[in-house]
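*Asks:* Here it is, the structure, as structure tokens.
The values are calculated or read from the model by the stated rules, or taken from the named source; none is laboratory data. Computed from a predicted structure; not experimentally measured. FYI the Cβ positions are ideal-geometry reconstructions off the backbone, even for glycines, and counts take in every protein chain you see. Quick note on the areas: whole protein, heavy atoms, side chains included, nothing else; ligands and nucleic acids left out. Shrake-Rupley method; radii C 1.70, N 1.55, O 1.52, S 1.80 Å.
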Amino acid sequence: MGSQGAVDGKAVRMARTLEFDYPATLDTATRLFWKSGYIGTSLRDLLKGMGIGESSFYNTLKSKKYAYLECLKHYNETVNRKRAEASLTAPSAASGVRALFRAVLDCLDDPETPSLVCLMAGSLTPEVLAEPELRQYVGGQIATFAAALSARFCADKQAGLLAEDFDPQLVVPVIITYLQGFWRMALVSYDRSRFERQIDFFLTGLGL
């Protein structure tokens with residue numbers, strides 16, 4: 001009887017494990033963090049939104065910090081990948097940057113978007129950056145983006161597609177900084193046509 005009970009208990013745990021849809025719950029958690037931020041999202045919010053118990057949460061995601069890190073990775077593999085593809089498939093670096101901004105504006109226009117601030121941009125807070133693992137990941141992603149953008153600018157400059165005095169090492173940080181402010185200004189007042197004019201003025205001034 002005791003042996004049968006142990007087997008039944010194991011079967012129940014396995015069934016619960018099979019019912020736990022990790023990709024779906026990770027996507028839900030990502031959207032919760034995207035909407036309310038790292039500090040604004042409580043463990044209770046996560047458990048309720050993901051529809052799982054506390055034990056399941058700790059068995060899979062370990063902690064709120066680790067959950068946030070996994071959500072950042074998921075965000076980059078889904079949302080940011082689409083933006084990167086829009087940029088990298090463009091015929092030139094200049095048109096690629098403009099395609100990137102169009103993809104960002106499309107995201108802002110999407111009624112399903114949880115927040116007008118990119119999850120990565122929203123991670124540039126003292127609370128997130130105070131966590132070494134989170135700071136390393138966020139900083140690493142920014143560096144990777146900067147390196148890819150710089151490499152494409154350099155290639156286009158060598159090909160004669162950009163002016164001789166165009167300096168990728170100067171321009172890339174300016175674009176990244178502009179993007180951070182761009183997200184936050186959208187929170188204050190967002191109008192696509194106005195933002196499109198500003199983006200065109202900004203990129204034209206950089207020689208793009």
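*Asks:* Let me confirm something: among 144, 113, which residue is open to solvent by 20 Å² or more (accessible area, probe 1.4 Å) and touching a helix residue (DSSP H, G or I) at 6+ places or on another chain (Cβ under 7 Å)? Give the derivation first.
*Replies:* On the way: 144 fails: touching a helix residue (DSSP H, G or I) at 6+ places or on another chain (Cβ under 7 Å).
Unique residue meeting the criteria: 113.
*Asks:* Let me ask another. Here is a check on your reading of the model: is residue 108 crowded, with 16+ Cβ neighbours inside 10 Å and under 27 Å from residue 201 (Cβ atoms)?
*Replies:* Values: crowded, with 16+ Cβ neighbours inside 10 Å: yes; under 27 Å from residue 201 (Cβ atoms): yes.
Against the criterion (crowded, with 16+ Cβ neighbours inside 10 Å and under 27 Å from residue 201 (Cβ atoms)), residue 108 qualifies.
*Asks:* Tell me which residues, restricted to region 151-176, are closer than 22 Å to residue 80 by Cα, surrounded by fewer than 17 Cβ atoms within 10 Å (Cβ to Cβ) and more than 17 Å from the chain's Cα centre (by Cα).
*Replies:* Passing the criteria: 151, 173, 174.
*Asks:* List the residue pairs whose Cβ atoms are under 9 Å apart, where the first residue sits in region 111-136 and is within 19 Å of residue 182 (Cα to Cα) and in contact (Cβ under 8 Å) with a residue 40 or more places away in the chain, the second is aromatic (Phe, Trp, Tyr) and not in a helix (DSSP H, G or I), and the two are 6 or more positions apart or on different chains.
*Replies:* Within 9 Å, the pairs are 116/190.
*Asks:* For the subset of region 193-208 comprising residues that are assigned to a helix (DSSP H, G or I) and open to solvent by less than 60 Å² (accessible area, probe 1.4 Å), which member is farthest from residue 176 (Cα to Cα)?
*Replies:* Checked region 193-208; the qualifying residue farthest from residue 176 (Cα to Cα) is 193.
*Asks:* Another one. With the checklist (1) assigned to a loop (DSSP other than H, G, I, E, B); (2) at pLDDT 95 or above; (3) open to solvent by 50 Å² or more (accessible area, probe 1.4 Å) in hand, flag the one item residue 190 doesn't pass.
*Replies:* The number of the failed condition is (2).
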